1. Could you state the angle between the C-alpha long axis of helix 244-253 and the longest principal axis of the C-alpha atoms of the chain, as a value from 0 to 90 degrees rounded to the nearest 10?
2. Sort out for me the Cα centre separation of the stretch 20-35 from the stretch 282-297, rounded to whole Å.
3. Please express the Cα-Cα pair-distance distribution P(r) of the stretch 106-282 as a list of whole percents, one per 5 Å bin, running from 0 to the bin with the greatest distance.
4. With 10 angstrom as the radius, rank 198, 155 by how many other C-beta atoms surround their C-beta, starting from the fewest.
5. Scale the Cα Rg of the chain by the rule-of-thumb value 2.2 N^0.38 Å and send over the ratio, two decimals.
6. Could you give the angle, 0 to 90 degrees to the nearest 10, between helix 291-308's Cα long axis and the longest principal axis of the Cα atoms of the chain?
7. Could you give the alpha-carbon Rg of the stretch 31-74 over 2.2 N^0.38 Å, rounded to two decimals?
8. Is the shape of the stretch 47-167 rounded, prolate or oblate, going by the alpha carbon gyration tensor and its root eigenvalues a ≥ b ≥ c, with a/c under 1.5 for rounded and a/b larger than b/c for prolate?
């Protein structure tokens, strides 16, 4: 552990350059910037041997092959709530603390979710294109099939962001139920242990659960069939949570009505079949992408590292890498 008056602390800034991170550290820290995993080979063995903290500023793969390069590594401060891009099991084995940036983006992502849901149901993007094409001068835009007024929403996940989304739906007088591995503390909405049973009981799924192996393809063809022909799926989680080929097939066949997506299986690549569909609204992973929120997330990346190297516990450690007494 570093203490006041000790030598310089070497940090790796791994991912895109960001002003808040670039300007967030005092002269006590030495920053080494690497944009991508391929660029790591450019670090000299001497530098790699000195790295004690990593700031992961984007969704960069931070697996065991990356972490193993740094024998003195103590902490990985990762940008974003999701951290499936970080090998937390390897970190735990080496007593490396991993942090993320929860809370500061909760309300922003919840706002985006409601916007995406409404745009999908009421066909706002399609209507915008209709107006721009000049068609409105000759005929009125047709009535939208979808509406919030006759919907029942099933939340897949009920963590911080899920609860913020549910609050907004409550205010809009939209019934909400949810599925998660265990009931969420302090949540009054009905809990469904079975995802299939919940999908059968609702017509709208909002997916806001962590990514990773445990939730890979959780929303599969069977879930979509249970949701039915009025079904709408909104994915604000990770692209891996939805079986993307099954989703495309369900949208084409009318198994479900529509989808609103902010995340994809192989970002930034999005299947051409999805792009061609009129019953899909596609966003480029912008759930938290406002200046005010992204700056707050970047600042939390910095603050976790500064707290650690000041001898304090990190502010937002993940559960998989518990912090020992300092």
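1. Roughly 10 degrees, rounded to the nearest 10.
2. So the separation of the two Cα centres works out to 22 Å.
3. 1, 8, 18, 22, 21, 15, 8, 4, 2, 1, 0
4. Final ranking by Cβ density, sparse to dense: 198, 155.
5. Numbers: Rg = 22.0 Å, N = 326, 2.2 N^0.38 = 19.8 Å.
Dividing the Cα Rg of the chain by 2.2 N^0.38 Å gives 1.11.
6. 30 degrees
7. 1.04
8. prolate
Only the coordinates and a few stated rules stand behind these numbers; no lab work does. Since this is a predicted model, take the numbers as computed values, not measurements. Quick reminder, even Gly has a Cβ in these numbers, built from the backbone with ideal geometry, and neighbours come from all protein chains shown.
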